[in-house]
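Below you'll find the structure, written out as structure tokens, and then a few comments.
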């Protein structure tokens with residue numbers, strides 16, 4: 001029964017996030033925001049809502065391992081699974097933006113800050129404030145980047161929106177849908193954590209493994225769906241921006257909000273491999289953007305990292 005509740009609650013969580021993502025796109029289209037900024041802010045924050053809701057619920061329930069494992073697993077999966085899939089399915093990838101010059105700093109620094117913070121075995125409320133300030137700096141950077149940039153009207157990423165235009169935008173429709181999305185995310189997150197904990201206890205699996213595999217995989221689905229949809233429509237800047245922005249949001253807002261809710265204590269010694277994998281995956285992302293290696297061989301390399309990560313994690317069950 002716990003597994004059924006887990007699947008239904010994850011579906012509710014993702015459905016709620018999807019509502020928020022689509023309405024965020026409507027707002028962005030209405031005000032002519034550039035593709036990258038949409039991907040790195042509105043869509044990235046929207047697709048990170050499942051991680052945020054799940055980690056906050058876990059932290060509030062005293063399950064720090066699930067909260068932190070969810071962030072680490074999501075960051076790894078976003079780079080290896082989501083970006084790897086984009087590279088494999090795209091015919092040609094020629095992004096307009098120089099991701100290495102403008103965005104590699106924002107991909108790597110939060111991971112380094114997180115590693116420094118967690119060395120002492122606790123993510124405190126002071127750490128949380130620092131993480132949130134780092135996200136604030138990133139948003140200011142993006143707003144400065146967006147100054148004077150007016151993009152063409154973007155194609156809709158959802159089939160339901162394909163035949164609609166900016167003229168169809170209405171606050172009376174958007175606001176209720178956003179509220180509904182938020183409620184679905186909150187309810188889904190709470191049931192996800194409770195049912196995941198029950199599954200872990202029933203099978204003798206650690207909460208860390210549940211968080212880093214089951215929950216992080218489920219909460220990474222919005223990033224996968226949105227990024228793949230963007231890539232197939234030729235919106236590569238949006239797809240890659242979503243991954244960078246989502247990882248930034250995971251490491252700053254998600255962890256920060258969870259630690260503000262309840263400071264998280266954890267012994268990291270058993271999880272060095274997972275933390276190291278997140279760091280290595282981020283370095284690979286920086287390397288790929290530095291050398292513009294947006295190709296199928298790069299996608300295969302990312303899936304090799306994913307395979308090593310899954311093999312190690314599953315062998316520890």
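All of the numbers you see were taken from the coordinates with simple rules; none came from a lab. It should be emphasised that the depicted structure is a prediction, and the values quoted were computed from it without experimental measurement. Virtual Cβ from ideal backbone geometry, glycine too; neighbours counted across all protein chains shown.
Plainly put, the range 268-307 has a radius of gyration that is 1.07 times its Kirkwood radius, both from alpha-carbon atoms, as the Rg/Rh ratio.
What are the equivalent ellipsoid semi-axes of the range 44-104, built from the alpha-carbon gyration tensor (square roots of five times its eigenvalues), in whole angstrom, biggest first?
The answer is 30, 13, 10 Å, longest axis first.
Taking other Cβ atoms within 10 Å as a rough exposure proxy, 170, 104, 206 sort from fewest to most as 170, 206, 104. Any idea how far the Cα center of the range 282-317 sits from the one of the range 83-102, in Å? With the range 282-317 and the range 83-102 each reduced to a Cα centre, they are spaced 14 Å. Based on the Stokes-Einstein relation at 37 °C and a viscosity of 0.692 mPa s, and on the Kirkwood radius from alpha carbon pairs, the range 242-317 is assigned a translational diffusion coefficient of 227 µm²/s. Counting every other Cβ atom within 10 Å of each residue's Cβ, 81, 52 order from fewest to most as 81, 52.
Sorting 117-129, 251-263, 179-191 by their mean Cβ neighbour count within 10 Å, with the most densely packed peptide first, gives 251-263, 179-191, 117-129. For the range 181-317, the alpha carbon convex hull comes to 135 Å³ per residue, rounded to a whole number. Counted over all Cα-Cα pairs of the range 187-256, pairs farther apart than 21 Å make up 40 percent.
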